[in-house]
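The values are calculated or read from the model by the stated rules, or taken from the named source; none is laboratory data. In this text, all values refer to a predicted model and were calculated from it rather than measured experimentally. No Cβ is skipped: glycine too gets one built from the backbone with ideal geometry, and neighbour counts run over all protein chains shown. Ligands, DNA and RNA are stripped out before the accessible areas are found, and what is left, the full protein with its side chains, is counted by its heavy atoms. Shrake-Rupley method; radii C 1.70, N 1.55, O 1.52, S 1.80 Å.
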Amino acid sequence: MTNPFYTIGIESSCDETAVALLRGEKELVANVIYSQAEIHSRYGGVVPEVASRDHMRKLPYLVRDALVEAGIDMRDISLVAATYGPGLVGPLLVGLSYGKGIAFGLGVPFIGVNHLEGHIFAQRLCNTEVTPPFMALIVSGGHTSLVDVTSYGEYHLVGMTVDDAAGEALDKVGKMLGIGYPAGAEVDRLASRGDPTAINFPRPMSGSPGFDFSFAGLKTAVLYHLRKHPREKREDVAASFLASVVSVLTKKSIDATRRYHRKNLVVVGGVAANSHLRERMQADGSKSGIDVTFPEVKYCTDNAAMIAAAGAYHHLVLRESHPLSLGPQPSLSL
Ligand code: KG4
Ligand code: ZN
């Protein structure tokens, strides 16, 4: 009997330190994650140097915890997969170097993973019945992109934000409402108690052709509104702002899915955890005959399970690996 193939996934591109172990291509046997959010909330955003140092401090313990969770030994690892971009260069260097050290020490192959592709693989971990081709919306703190996935490993950019990412706008509006970083989940809860029709915020780019997004103007509209109406209910501001974000994301994504003649729309990334977005996308998708799927909420925000899944696929199916000289690529695209 051959030994099972274990991939260790390492994610450290921003402020989550995460390690996962995968058996074969899809069977997750350990998934540990440590969020630095509390450390950075003091500064109102991620401080790269602080993030790098904290990744360094936490990684060895997370690797140990993952091995214990899976009930395996370090020597059982067959492949190391670590995020090499996009992200913050210091934090990327820590996870990448740590991963390369493990690969070198064990004498096993190493593969660098594109974090954005990782988000797409979160979908594969959760919904095995949805297979390419499909349209993907990657919506996170750093990215808002529509990608036509013709097969895993083959991506065609259909549209992207011309300024802020949706998550970035959510975090900034959250800050205006007095919520600490990251604000997405709290804005989600606040909006559930507010009236989404209370304020008529703009729906940026929703009438324009093409599939690009813009959220900077909407964020400024909220700022001006709050200056003019400082007593406005926070719940109503959150609900009305989110209604605009959700409306634009849903319309553009469904239009793109139809234009590219895809039957499935897959929504991934931190903002895909948003309850209002999940509800609206599914409702509007079914009206258009499009099946909209999301990973489970815990696999929407940054994690290493998706990195291990993408790495294992590239190695086991596409027969790829990287040399240990692979460096971090902060602006890597799909
Ligand atoms: O994918 P992710 O963890 O990191 C990046 O790759 O950027 O996404 C983080 C973003 C943050 O902007 C955070 O506020 C947002 O996802 N987020 C949410 C929710 N949970 C996290 N946004 C809206 N609703 C949520 N429930
Ligand atoms: Zn991410």
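Some observations on this one:
- Accessible surface of I33 - all protein chains present, 1.4 Å probe, nearest 10 Å²: 90 Å²
- The stretch 131-294 - Rg (one decimal) and Dmax (whole number), Cα, Å: 15.4, 50
- Euclidean distance of C-alpha centroids, the stretch 136-187 and the stretch 292-309, integer Å: 14 Å
- Alpha carbon Rg of the stretch 246-334, scaled by the compact-globule rule 2.2 N^0.38 Å: 1.34
- Classified by the C-alpha gyration tensor, the stretch 42-129 has an oblate form. Its axis ratio a/c, with a ≥ b ≥ c, is 1.5 or above, and a/b does not exceed b/c.
- Environment charge at S208 (Cβ cut-off 13 Å; Lys +1, Arg +1, Asp -1, Glu -1): +1
- Each of N200 and E186 was given a label point 7 Å from its Cα along the Cα-to-Cβ line. The distance between the two points is 3.1 nm.
- Residues considered: H143, H229, H119. Largest GNM mean-square fluctuation over the chain, using C-alpha springs under 10 Å, is found at H229.
- Selection from M56, L137, A20 lying farthest towards where the dipole of the chain points positive, charges on Cβ: L137
- Electrostatic bookkeeping for F121 treats Lys and Arg as +1 and Asp and Glu as -1; over the other residues with beta carbon under 11 Å from its beta carbon, the sum is 0.
- Think of each Lys and Arg Cβ as +1 and each Asp and Glu Cβ as -1; about the Cα centre, that makes the dipole of the chain roughly 640 debye.
- Within a Gaussian network of the chain (alpha carbon springs, distance under 10 Å), most fluctuating of A18, A103, A312: A103
- Peptide packing: for 201-213, 291-303, the average count of neighbouring Cβ atoms within 10 Å per residue gives the ranking 291-303, 201-213, highest mean first.
- Charge dipole (Cα centre; +1 on Lys/Arg Cβ, -1 on Asp/Glu Cβ; no other charges) of the stretch 131-294 amounts to roughly 380 debye.
- About its Cα centre, the dipole of the stretch 111-182 is roughly 180 debye, where the only charges are +1 on Lys and Arg Cβ and -1 on Asp and Glu Cβ.
- Selected from T161, T83, T128 as most flexible by GNM, with the chain as the system and alpha-carbon contacts under 10 Å: T128
- Placing pseudo-labels 7 Å out from each Cα toward the beta carbon at I39 and D73 gives an inter-label distance of 3.2 nm.
- Between the listed residues G180, V147, A238, the Cα displaced farthest toward the positive end of the dipole of the stretch 131-294, a dipole computed from Cβ unit charges relative to the Cα centre, is found at A238.
- Taking every DSSP bridge with both residues inside the stretch 131-294, close to 60 percent are antiparallel.
- Summing charges over neighbours of S35, with a neighbour being any other residue whose Cβ is under 13 Å away from its Cβ, gives -4 when K and R count +1 and D and E count -1.
- Per residue, the chain exposes an accessible area of 43 Å² to a 1.4 Å probe, with every protein chain left in place.
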